[in-house]
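Colleague: The structure is given below, and queries will be raised subsequently.
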Amino acid sequence: LQGFAMEWWHPKQLKEDEEKIRSIDEVTALDPKSDFGSYRRMLLGDDPDRTMIANHNDVQPLRKVQRIIRSLGLSKAKRILDAGCGLGFTTAALAQCFKDARVLGVDISADAVAYASARYPAAEFKAEAISPDAGSLGRFDLIFCFEFYPFTRNTDAQMQASFVRYFADQLNEAGLIVIYQVWNNPQSLSAILEDVKRLCPGLLFKLHDIPHPRLPGWLPQSIALPCSRLMGLTGREGVKRLLTVEVLTPR
């Protein structure tokens, strides 16, 4: 990410932060409030409740993944990327839903990838900083971005657009990028989406309302979506929103 200020979310800064954490082997000396501290505590075998891992990763993502797949009408895929996979919970859920696909989870945290590799043999994992300056990760039919740093969590439109183009360049024909994040976060991609669109000619951006993943998976979309809207009216979290990106122009 040459040309971008060394913010906390810059891959180089994140890697430096992680290296400091990985030098610590005493569990109680690791701060579970940070991603890297929580990941290392999990790898070292600490009690999950003490690691605060639920604050950093969705530890039960299967219903969410199933709802996304159903809402977007996704069916077959041969190669899938889970970008910013953390401890691999979502990567494993994707592998469970797409049994015939090769699913790759990539994360900057070597501790997270070590944990995931040992526990989820149905998927592949790689420890690498995801950055537009880096080389290609492969060719994919589906690229899932379940809110990860640095992508989506800042308001630098140039940087966000560079990530979108980076992922789009790795899509197979008719491939799709699926971006799932907290949509009302003012310090995120959602706040600058129109600027990012202008910086990405040739790409089609679509917003999708999907039912809340806590609703039973067997509920049809026509019922689950209105139920989610009613949940929102009562003050609870209701309809979720995600963004898809696909290539419009021929390669």
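Colleague: Looking at region 52-64 only, could you name the residues that are surrounded by fewer than 17 Cβ atoms within 10 Å (Cβ to Cβ) and of a type outside the set (A, V, I, L, M)?
Modeller: N55, Q60, R63
Colleague: Within region 65-92, track down each residue that is of a type in the set (D, E, K, R) and open to solvent by 20 Å² or more (accessible area, probe 1.4 Å).
Modeller: Residues satisfying the conditions are R70, K76, K78, R79.
Colleague: Could you pull out every one of the helices (runs of 4 or more DSSP H) wholly within region 136-251 that has 2 or more residues that are among the polar types (S, T, N, Q) and over 23 Å from R67 (Cα atoms)?
Modeller: Counting at least 2 such residues, we get 157-168.
Colleague: If you don't mind, there's one more thing I want to ask. Within region 93-103, which residues are open to solvent by less than 10 Å² (accessible area, probe 1.4 Å) and either under 21 Å from Y166 (Cβ atoms) or modelled with pLDDT under 95 (or both)?
Modeller: L94, V103 - these are the residues of region 93-103 that are open to solvent by less than 10 Å² (accessible area, probe 1.4 Å) and either under 21 Å from Y166 (Cβ atoms) or modelled with pLDDT under 95 (or both).
Colleague: Looking at region 86-106 only, could you name the residues that are outside any loop (DSSP other than H, G, I, E, B), touching a Ser or Thr at 6+ places or on another chain (Cβ under 9 Å) and not hydrophobic (A, V, I, L, M, F, W, C)?
Modeller: Answer for region 86-106, where residues must be outside any loop (DSSP other than H, G, I, E, B), touching a Ser or Thr at 6+ places or on another chain (Cβ under 9 Å) and not hydrophobic (A, V, I, L, M, F, W, C): just G105.
Colleague: Test L230 against the stated conditions and say whether it is without any contact (Cβ under 8 Å) to a residue 60 or more places away in the chain and farther than 21 Å from L72 by Cα.
Modeller: Spelling it out, L230 is indeed without any contact (Cβ under 8 Å) to a residue 60 or more places away in the chain and farther than 21 Å from L72 by Cα.
Colleague: Next question, about the same structure. Within region 139-157, is there a residue that is surrounded by fewer than 16 Cβ atoms within 10 Å (Cβ to Cβ) and not polar (S, T, N, Q)?
Modeller: Looking for residues that are surrounded by fewer than 16 Cβ atoms within 10 Å (Cβ to Cβ) and not polar (S, T, N, Q), one finds at least one in region 139-157, hence yes.
Colleague: Taking the condition of being without any contact (Cβ under 8 Å) to a residue 60 or more places away in the chain and open to solvent by 20 Å² or more (accessible area, probe 1.4 Å), how many residues in region 158-171 meet it?
Modeller: 3
Colleague: Which of the residues belonging to region 201-251 are modelled with pLDDT under 85 and of a type in the set (K, R)?
Modeller: Once the filter is applied, which keeps residues that are modelled with pLDDT under 85 and of a type in the set (K, R), region 201-251 yields R214, R229, R236, K240, R251.
Colleague: Something else about it: Exactly one condition in (1) farther than 18 Å from L176 by Cβ; (2) of a type outside the set (S, T, N, Q); (3) touching a residue at least 60 places away in the same chain (Cβ under 8 Å) is false for A54; which is it?
Modeller: The single condition A54 does not satisfy is (3).
Colleague: In addition: Return the total of residues in region 114-130 being open to solvent by less than 30 Å² (accessible area, probe 1.4 Å), closer than 16 Å to E18 by Cα and under 17 Å from the mean Cα position of the chain (by Cα).
Modeller: Of the residues in region 114-130, 1 are open to solvent by less than 30 Å² (accessible area, probe 1.4 Å), closer than 16 Å to E18 by Cα and under 17 Å from the mean Cα position of the chain (by Cα).
Colleague: Output the number of the condition that S188 fails; it satisfies all remaining conditions of (1) of a type in the set (G, A, S); (2) touching an Asp or Glu at 6+ places or on another chain (Cβ under 9 Å); (3) open to solvent by 50 Å² or more (accessible area, probe 1.4 Å).
Modeller: (3)
Colleague: Mind checking whether some residue in region 32-47 is among the polar types (S, T, N, Q), without any contact (Cβ under 8 Å) to a residue 60 or more places away in the chain, under 30 Å from G217 (Cβ atoms) and open to solvent by less than 40 Å² (accessible area, probe 1.4 Å)?
Modeller: Yes, there is a match, as at least one residue in region 32-47 is among the polar types (S, T, N, Q), without any contact (Cβ under 8 Å) to a residue 60 or more places away in the chain, under 30 Å from G217 (Cβ atoms) and open to solvent by less than 40 Å² (accessible area, probe 1.4 Å).
Colleague: Regarding R41, is this residue basic (K, R), within 30 Å of A161 (Cβ to Cβ) and touching a Pro at 6+ places or on another chain (Cβ under 8 Å)?
Modeller: So R41 fails the test.
Colleague: Another question, if that's okay. Is there any pair linking a residue in region 172-184 that is β-branched (V, I, T) to one that is part of a loop (DSSP other than H, G, I, E, B) and surrounded by 20 or more Cβ atoms within 10 Å (Cβ to Cβ), with Cβ under 8 Å and at least six apart or on different chains, and which?
Modeller: Listed pairs, sorted by first residue: I179/T152.
The values are calculated or read from the model by the stated rules, or taken from the named source; none is laboratory data. All figures in this text were calculated on a predicted structure; none of them were measured in a lab. Backbone-built Cβ (ideal geometry, glycine too); neighbour counts: all protein chains shown. Heavy atoms of the whole protein, side chains included, go into the accessibility calculation; ligands, DNA and RNA do not. Shrake-Rupley method; radii C 1.70, N 1.55, O 1.52, S 1.80 Å.
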